[in-house]
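Okay, so here's the structure we're looking at.
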Amino acid sequence: MPKGIKIAIDGPAAAGKSTIAKLTAERLGYTYIDTGAMYRALTYKALKAGIHINDGKSLKQLLVETEILLTPSNNGQAVLVNGCDVTEEIRSSEVTAAVSTVAAHGEVRELMVDKQRALSDRSGVVMDGRDIGTDVLPDAELKVFMTASVEERALRRHAENGMRGIDSSLEQLKREISERDRADSERKVSPLRQAEDAIFLDTTSMSIKEVAEEICRLAKERLGQ
Ligand code: DC
């Protein structure tokens, strides 16, 4: 019996993937890898360095020179860029508005996917993103495609912002989420789509706990427990 499995969680923006993936990893004693945080870390670095988000070649070079580390912290997971803690900064509205453009460059994705695969080269991993089941870990034993209505996702993000002391408008969040859905689904390279062998979960009327429980149940099924 395998010691641990690879779990791929994909879905549109603000579907609760990170929260669920983190909780699932905790419960199973697995490593959690937030691939969106990696694209956000590169975007943050590019904005700081004054690199244009349409310039794929320079973004790729920046990524070559950038070490992105995801480490466990008291609040879940800390993101370090060349040793500097940018956990909060990568959630800013500037980074959120630019990240889909950065993530659409083929040369950026190629290198990022290599980095992500290297991180998953151990037993027991929960990875969340947009292309994990289709591209990064096509051999994952469990693939989940998670979504919720745009209204529900905006409400969740609004509540999350409130808890972090960030002011936001529900209508604007809805617009931003719809726009990121469009950009992530329509891009040429590895667009957001459900892997053929992924389990579809509509979490609109499910609690975080219910979704995490369902994924743990599916994982145990895969492990033959
Ligand atoms: O999950 P998130 O909102 O933090 O992701 C930020 C952006 O990164 C999202 O708009 C699309 C992109 N992304 C991607 O293209 N592929 C991934 N595996 C993860 C995120």
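None of the figures in this text is laboratory data; all of them are computed from the coordinates on show. Everything numeric in this text was worked out from a predicted model, so none of it was measured. Here Cβ is always computed from backbone atoms with ideal geometry, including for glycine, and neighbour counts include all displayed protein chains.
Below is a table of values for the structure above.
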quantity: The range 76-88 - phi-based ³J(HN,Hα) in whole Hz, Karplus 6.51/-1.76/1.60, Gly and Pro as x; calculated: x, 9, 9, 10, 10, 10, 6, x, 9, 6, 10, 3, 6
quantity: Under the Karplus curve 6.51 cos²θ - 1.76 cosθ + 1.60, θ = phi - 60°, whole-Hz ³J(HN,Hα) for the range 10-16, x wherever Gly or Pro sits; calculated: 10, x, x, 4, 6, 7, x
quantity: Least to most buried among His105, His158 (fewest other Cβ within 10 Å first); calculated: His158, His105
quantity: Set of lysines with alpha-carbon distance to Lys48 below 26 Å, sequence-local pairs under 8 removed; calculated: Lys57, Lys60, Lys115
quantity: Within the chain, helix-based [θ] at 222 nm, where runs of 4 or more DSSP H residues each add -39,500 (n - 2.57), nearest 500; calculated: -15000 deg cm²/dmol
quantity: Net dipole in debye of the range 81-225 [+1 Lys, Arg Cβ; -1 Asp, Glu Cβ; about Cα centre; nearest 20]; calculated: 80
quantity: Candidates per GluC sites (Glu not before Pro) in the range 1-93, loop by DSSP, up to 15 other Cβ within 10 Å; calculated: Glu65, Glu67, Glu88
quantity: In the range 166-213, the GluC sites (Glu not before Pro) that fall in loop regions by DSSP, at most 15 other Cβ within 10 Å; calculated: Glu196
quantity: Low-density loop positions, trypsin sites (Lys or Arg not before Pro), the range 145-225 - DSSP coil, at most 14 other Cβ in 10 Å; calculated: Arg164, Lys188
quantity: Residues Met127, Met146, Met163 arranged by fewest to most Cβ contacts within 10 Å; calculated: Met163, Met146, Met127
quantity: Footprinting exposure proxy for Ile53, Ile33 (fewest neighbouring C-beta atoms within 10 Å first); calculated: Ile53, Ile33
